[in-house]
Amino acid sequence: MNESVIKVEKTTIGIASDHAGYFLKCRIIDYFRKNNIDFKDFGAYNDESSDYPEYAHLLATAVLSGECRLGISICGTGNGINMTVNKHQGIRSALCWNEEIARLARAHNDANICALPGRYISEPEAILMVRTFLSTEFEGGRHLRRILKIPLKSN
């Protein structure tokens with residue numbers, strides 16, 4: 001079996017970036033195309049200065065609605081876009097900087113968006129993290145008990 005091919009349900013993966021993550025986003029999209037992974041690009045569509053919240057909110061909404069099964073978000077440090085998507089109740093976005101963090105984000109936290117620091121990781125590192133994130137299943141068990149405690153309760 002080709003190690004670069006992952007088994008993903010035939011559902012769409014959302015991807016979004018600002019200008020700082022644009023070029024890495026393009027490389028990830030190339031990876032998606034080469035591996036027949038369905039995706040939806042929520043922007044940015046070039047490397048001109050842009051505001052990550054515009055794209056982050058679109059991605060988060062698509063993941064919450066079920067339009068996209070999982071999401072990948074990218075900005076310079078990964079922090080701004082990660083903070084923005086996490087404002088949406090039901091989004092569990094994890095800032096990932098290596099493969100093990102990406103794997104644990106899915107396996108233990110049932111993360112539904114992987115945020116990447118576009119200026120601080122290489123293209124091969126990013127592809128490895130994305131591949132791992134998309135192919136890892138949530139383990140449930142004690143981890144489910146913990147993630148059920150994440151949402152704020154209304155007063």
Task: Matching residues, segment 114-154, being out of contact with any Gly (no Cβ under 9 Å at 6 or more places or on another chain), small (Gly, Ala, Ser) and modelled with pLDDT of 95 or more - done: 122, 135
Open item on the list: So residue 83 ticks every box in (1) within 22 Å of residue 146 (Cα to Cα); (2) touching a strand residue (DSSP E or B) at 6+ places or on another chain (Cβ under 7 Å); (3) surrounded by fewer than 17 Cβ atoms within 10 Å (Cβ to Cβ) but one. Which box is left unticked?
Closed with: (2)
- [ ] Starting from residues that are polar (S, T, N, Q) and touching a strand residue (DSSP E or B) at 6+ places or on another chain (Cβ under 7 Å), keep the ones in segment 86-104 and report whichever is nearest to residue 29 (Cα to Cα).
- [x] 93
TODO: Considering only segment 126-155, state which residues are in a loop (DSSP other than H, G, I, E, B) and of a type in the set (Gly, Ala, Ser).
DONE: 140, 141, 154
Task: In segment 20-38, residue farthest from residue 86 (Cα to Cα) [restricted to those that are touching a residue at least 24 places away in the same chain (Cβ under 8 Å), buried (at least 18 other Cβ atoms within 10 Å of the Cβ) and in contact with a Phe, Trp or Tyr (Cβ under 9 Å, 6 or more places away or on another chain)] - done: 37
- [ ] Report, by residue number, each residue of segment 1-19 that is at pLDDT 95 or above and either surrounded by fewer than 16 Cβ atoms within 10 Å (Cβ to Cβ) or assigned to a strand (DSSP E or B) (or both).
- [x] 13, 14, 15, 16, 17
TODO: May I ask you to list the residues in segment 48-78 that are out of contact with any strand residue (DSSP E or B) (no Cβ under 8 Å at 6 or more places or on another chain) and hydrophobic (A, V, I, L, M, F, W, C)?
DONE: 64
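The values are calculated or read from the model by the stated rules, or taken from the named source; none is laboratory data. All of these numbers come straight from a predicted model, not from anything done at the bench. Methodologically, a virtual Cβ is constructed for each residue, glycine included, from the backbone with ideal geometry; neighbour enumeration extends over all protein chains shown.
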